[in-house]
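None of the figures in this text is laboratory data; all of them are computed from the coordinates on show. Bear in mind the structure is a predicted one, so any value in this text is a computation, not a measurement.
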Amino acid sequence: MAVPWRAVGALALVLVSAGSTWQFQDWRYGSQLADQARLHGDTLNQLTLAAVAAQQAEQDKRLALEQSLATSEQAHYRKMADAQRDQDRLRDRLATADVRLSVLLDATDVANGCNVSASTGAGGVDHGTLRARLDPAHAQRIIAITDKGDRGLIALQACQSYIRALIVR
């Protein structure tokens, strides 16, 4: 039997061209995969950079809020210390009789049995209003009550400032 060399040559030519086509498609597919991998890597890098920028922005906001709150807290404690110092000073002045607390009396009230004229005296600056001095112990209690009230108001203002700072941010 004779071998048909032409058929073998044509078959070899077909196989070689099919192999080269297969290799070309394989190379092209590999190139596409490499492009996709590169694009995927670029996308991941961009996402990472965006996440880092967002995290840095949040950290900056947090730091600014912490600094604002620290400043607010310092102001709050300074107000509290000033109020305490003023109250202590007033308490000391009351204790040493340097200052006396008094209340205005209604001179026109005849029901209490005190008929005092409301005329202006020569040395009076209150236009003749009658004042009664408080007992020093009662004065100390009144100062303690106002001290607690002042502290409460200062604390309330600090809380309101804190909430405003949180809402604005």
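The table that follows gives values for the structure above.
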{"read-out": "Long-range amide H partners of residue 134 with built H, under 5 Å", "value": "101, 102, 103"}
{"read-out": "Per-residue ³J(HN,Hα) for segment 60-73, Karplus 6.51 cos²θ - 1.76 cosθ + 1.60, θ = phi - 60°, Hz, x for Gly and Pro", "value": "5, 4, 4, 5, 5, 5, 4, 5, 5, 5, 5, 5, 4, 5"}
{"read-out": "In sequence order, calculated HN-Hα J values of segment 80-91 (Karplus, 6.51, -1.76, 1.60; Hz; x Gly/Pro)", "value": "5, 5, 5, 5, 5, 5, 5, 5, 4, 4, 5, 4"}
